[in-house]
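Asker: Take this structure, written in structure tokens, and hold onto it; I'll ask about it next.
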Amino acid sequence: MSLIPSVFGQRSNVFDPFSLDLLDPFKDWPFNSALSAPARSDLSNKTSQFAATRIDWKETPEGHVFKVDLPGLKKEEVKVEVEEGNILQISGERSRDKEEKNDTWHRIERSSGKFLRRFRLPENAKMDQIKASMENGVLTVTVPKEEVKKPDVKAIEISG
């Protein structure tokens with residue numbers, strides 16, 4: 001029983017307790033899960049790893065900041081929307097290069113297809129002040145937070 005993955009990163013030995021075939025419940029889903037093998041180029045596959053667009057979300061004292069790597073996309077190809085009051089939705093699509101009859105493809109590794117990511121924002125998010133900008137293929141969405149009001153503390157004199 002080998003603990004070293006094969007060339008494609010998958011092991012198919014059913015007796016191997018570390019086999020990714022046994023442990024990956026999402027291997028047949030139309031996106032790459034963290035456990036599945038690296039994406040292989042397949043022209044007939046409409047869904048690609050672009051569907052699993054990576055997003056960083058950090059919270060600062062002033063608000064929430066989302067950073068999305070979208071190399072090669074224009075801002076017109078990306079949508080940032082708010083749904084149901086507090087759901088931030090980021091979506092878009094990268095189309096595949098047009099194929100010419102005389103072209104011979106040797107490798108297709110750049111991802112294409114649609115992506116959609118949704119995030120439930122906390123109640124203190126100022127949904128009417130969301131800003132988005134795109135620079136050098138990185139979309140930055142900033143969601144300001146309402147100031148947390150510190151409760152008024154009233155000292156009570158102790159008698160006696």
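Asker: Can you list residues whose amide H is under 5 Å from residue 70's amide H, if they're 5+ apart or on another chain and H is modeled 1.01 Å from N?
Answerer: Those lying under 5 Å, H to H, from residue 70 are 138, 139.
Asker: Could you list the GluC sites (Glu not before Pro) in segment 86-145 that lie in coil according to DSSP, counting only those with at most 11 other Cβ atoms within 10 Å of their Cβ?
Answerer: 99, 100, 109, 123
Asker: Using heavy-atom solvent-accessible surface (probe 1.4 Å) with all chains present, what is the largest-first order of 103, 69?
Answerer: Heavy-atom accessible area, descending, gives 69, 103.
Asker: While we're here: Top to bottom by accessible area (1.4 Å), largest first, where do 53, 60, 142 land?
Answerer: Greatest to least solvent exposure: 142, 60, 53.
Asker: Looking at segment 51-109, which chymotrypsin sites (Phe, Trp or Tyr not before Pro) are DSSP coil and have at most 13 other C-beta atoms within 10 Å of their C-beta?
Answerer: Here the chymotrypsin sites (Phe, Trp or Tyr not before Pro) that fit, given the DSSP loop and packing criteria, are 105.
The values are calculated or read from the model by the stated rules, or taken from the named source; none is laboratory data. Quick caveat, the model's predicted, so the values are computed rather than measured. Note that each Cβ is placed from the backbone with ideal geometry, even for glycine, and that neighbours are counted across all protein chains shown. Ligands, DNA and RNA are stripped out before the accessible areas are found, and what is left, the full protein with its side chains, is counted by its heavy atoms. Shrake-Rupley method; radii C 1.70, N 1.55, O 1.52, S 1.80 Å.
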